[in-house]
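Please read the structure below before turning to the comments.
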Amino acid sequence: MSDSILVIGGGIAGINCAMNAAKYGTRVYLIDDTPSIGGMMARLDKTFPTNDCSICIEAPQMYEVDNHENIEIITNTEVRKVKKINGTFKVKLMQKAKYVDEEKCTGCGACVEVCPVSVPDPLDGKVGGMRKLVSMAFPQAVPNVVTVDPSCRFGDMRKGGACIGDCAVDCSQCRECPIALCVKACEKEGKKAITLWQSNKKLDLEVKSIVVATGIKNAPPVGDLLGYDKFENVITNTEFERLMNAGGPTSGEIVRPSDKKHAKKIAWIQCAGRGLADGKGTPYCSKICCMVSAKQTIITKEHDASVDATIFYNDLKAYGKGFWEFYRKAKENDVRYVRGRPYEVFEDSRTHNLTLRYEDLDSGDLQTHEVELLVLATGIMANDRNKRLAKALKLKLDDLGYFKEKDPLLSPLETDVDGIYLCGGATGPIDIAESVAQATAASMKAVCVRP
């Protein structure tokens, strides 16, 4: 349909962009390269500066998008090729197989229960989350269906205890699997939704405009950053977010990875890895980390008011509405702010407590601080998918990997290709409120294009 638009990325920016465009009667294709829409926000516990439940805000929007007559959600899908002909974009997509019939799957979880193999969930990192080889992205996932891990489907997990992988007949040639426990469990439920013979699917779309909402990713700790690779109780702020989350691996209990004991002394280090000499760290301020740490300390204090919470920082970024008051709220909750530059961490092998050495930037003195859990605010960076997508869309990226705007002042959210627009983390480090505002603006630009 030449009067439709394509939104690439199903995070909070993509969701709001799709909803706003659909309200004006425009047909919207919302695609994401993961099994569910929701993006990073769906994995958070709370949002600053209100500390409202993150999924409580986003889940109704995800449900609305899924049920809107003008929106079609296409997950597990990548953009392969885009060509503009006579004012419209011809888009070639590749939808990766989930090995599940989405029309038949109801998300009952029977297949997940019988799966014999659990593997570390990359979302949870060091805090110990596990998932099955048949799993759902998260409980409120949209579409609410499971996905079979390709490593299981192709036999790579046989040595790990997977029930499939040794069959003499390839799944693509078979429709009656006598081996896979997930298939048997699904058939017992009367659904027959697990389809191990499913293959990748090529899709062709024709749209009048495109909105890129690829989002951001968390900057990983580079090398042995302040003991991250050496000590179990050094974690990132994203991993701490999963600790706080009631839907996380510890059901919201803030415990140490080393011994699962409740941490009573916790420190946060701002700008962790920023501006490293080898050029591998994040070379810029990510804008949101100061407020993320403030949020995490406030919620930690709500869990247990006796927790000793300290934030080590260089400069404070409180640029948005209500952010300064949010910072003041953290201090009122007895969160200690230390203007210092940490440079070394070592561990007590007996207690697994950590001693942090730092320079006090106000006095110039070298001091130490002992904690039970250390949280690194490593910042955010451009999504990995940007480079491949920029090539397909013929767009330019800046030196940091974000998409370039045509002119941030005179043509905000526009690109050098007429009809392609940007919003959210595709443009740079950004918070949720800004992402939603940009999504509304980009959707209007996309809707107003005349093919």
Q.
If I ask for residues that are acidic (Asp, Glu) and touching a residue at least 40 places away in the same chain (Cβ under 8 Å), which ones from segment 398-433 would you list?
A. 431
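Here's the yes/no breakdown for (1) acidic (Asp, Glu); (2) buried (at least 23 other Cβ atoms within 10 Å of the Cβ):
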position: 190; (1), (2): no, no
position: 206; (1), (2): yes, no
position: 216; (1), (2): no, yes
position: 230; (1), (2): no, no
Q) Could you say which residue among 269, 210, 216 is touching a residue at least 24 places away in the same chain (Cβ under 8 Å) and over 29 Å from residue 79 (Cα atoms)? A) 269
Q: Please work out which residue is farthest from residue 373 (Cα to Cα), limiting yourself to segment 337-359 and to residues that are loosely packed, with under 15 Cβ neighbours inside 10 Å and in contact with a helix residue (DSSP H, G or I) (Cβ under 9 Å, 6 or more places away or on another chain).
A: 343
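Does segment 378-385 contain any residue that is among the basic types (Lys, Arg), more than 22 Å from the chain's Cα centre (by Cα) and either surrounded by fewer than 18 Cβ atoms within 10 Å (Cβ to Cβ) or in a helix (DSSP H, G or I) (or both)?
Step one: filter segment 378-385 for residues among the basic types (Lys, Arg), giving 385.
From the residues that got through so far, the ones that are more than 22 Å from the chain's Cα centre (by Cα) too are none.
Checking segment 378-385: not a single residue is among the basic types (Lys, Arg), more than 22 Å from the chain's Cα centre (by Cα) and either surrounded by fewer than 18 Cβ atoms within 10 Å (Cβ to Cβ) or in a helix (DSSP H, G or I) (or both).
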Q: Would you confirm whether any residue within segment 436-444 is closer than 17 Å to residue 6 by Cβ and touching a Phe, Trp or Tyr at 6+ places or on another chain (Cβ under 7 Å)?
A: yes
Q | Breaking point among (1) farther than 16 Å from residue 202 by Cβ; (2) in contact with a helix residue (DSSP H, G or I) (Cβ under 7 Å, 6 or more places away or on another chain); (3) at pLDDT 95 or above, for residue 49 | A | (3)
Q: Taking residue 321 as the residue in question, decide whether it is in a helix (DSSP H, G or I) and either surrounded by fewer than 21 Cβ atoms within 10 Å (Cβ to Cβ) or among the hydroxyl-bearing types (Ser, Thr, Tyr) (or both).
A: no
Q: For residues that are buried (at least 17 other Cβ atoms within 10 Å of the Cβ) and hydroxyl-bearing (Ser, Thr, Tyr), tally how many sit in segment 94-122.
A: 1
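Run down 163, 186 and say which single residue is surrounded by 14 or more Cβ atoms within 10 Å (Cβ to Cβ) and more than 20 Å from residue 107 (Cα to Cα). Full working, then the answer.
On the way: 186 fails: more than 20 Å from residue 107 (Cα to Cα).
Among 163, 186, only 163 is surrounded by 14 or more Cβ atoms within 10 Å (Cβ to Cβ) and more than 20 Å from residue 107 (Cα to Cα).
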(Q) Suppose we filter segment 400-423 for residues that are crowded, with 18+ Cβ neighbours inside 10 Å and closer than 25 Å to residue 88 by Cβ; how many remain? (A) 10
Q: Scan segment 181-239 for residues that are part of a loop (DSSP other than H, G, I, E, B) and of a type outside the set (Phe, Trp, Tyr) and report the count.
A: 24
Q: Go through the residues of segment 348-358 one by one and say whether even a single one is aliphatic (A, V, I, L, M), farther than 17 Å from residue 229 by Cα, assigned to a strand (DSSP E or B) and outside the structural domain of residue 48 (by TED's automatic domain parsing).
A: no
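Is it fair to say residue 395 is surrounded by 20 or more Cβ atoms within 10 Å (Cβ to Cβ) and not in a helix (DSSP H, G or I)? So that I can check it myself, show each step before the final result.
Numbers: surrounded by 20 or more Cβ atoms within 10 Å (Cβ to Cβ): yes; not in a helix (DSSP H, G or I): yes.
Judged against the criteria, residue 395 is a match.
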(Q) I want to confirm something. Restricting to segment 123-160 and keeping residues that are in a helix (DSSP H, G or I), touching a residue at least 40 places away in the same chain (Cβ under 8 Å) and touching a strand residue (DSSP E or B) at 6+ places or on another chain (Cβ under 8 Å), which single residue is surrounded by the fewest Cβ atoms within 10 Å (Cβ to Cβ)? (A) 160
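Condition check ((1) under 19 Å from the mean Cα position of the chain (by Cα); (2) in the same structural domain as residue 315 (by TED's automatic domain parsing); (3) at pLDDT below 95; (4) assigned to a strand (DSSP E or B)) across all residues:
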| position | (1), (2), (3), (4) |
| --- | --- |
| 246 | yes, yes, yes, no |
| 252 | yes, yes, yes, no |
| 266 | no, yes, no, yes |
| 276 | no, yes, yes, no |
Q: For residue 221, indicate whether it is surrounded by 18 or more Cβ atoms within 10 Å (Cβ to Cβ) and either farther than 30 Å from residue 20 by Cα or in contact with a strand residue (DSSP E or B) (Cβ under 8 Å, 6 or more places away or on another chain) (or both).
A: yes
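Give 251, 293, 258 a once-over and let me know the one that is hydroxyl-bearing (Ser, Thr, Tyr), out of contact with any Gly (no Cβ under 9 Å at 6 or more places or on another chain) and at positive phi.
Values: 293 fails: at positive phi; 258 fails: at positive phi.
None of the other options fit; the residue is 251.
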Q. How many residues are more than 18 Å from residue 400 (Cα to Cα) and touching a Lys or Arg at 6+ places or on another chain (Cβ under 7 Å) when one looks only at segment 420-429?
A. 1
Q.
Looking only at segment 294-336, how many residues end up being under 18 Å from residue 378 (Cα atoms), at pLDDT 95 or above and under 23 Å from the mean Cα position of the chain (by Cα)?
A. 4
**Q.** Per-region count, segment 398-407, residues in a loop (DSSP other than H, G, I, E, B) and either among the acidic types (Asp, Glu) or not assigned by TED's automatic domain parsing to the domain that holds residue 430 (or both)
**A.** 3
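The values are calculated or read from the model by the stated rules, or taken from the named source; none is laboratory data. This one's a predicted model, so the numbers in the text were calculated from it and none came from an experiment. Glycine gets a Cβ as well: all are built from the backbone with ideal geometry, and neighbour counts include every protein chain shown.
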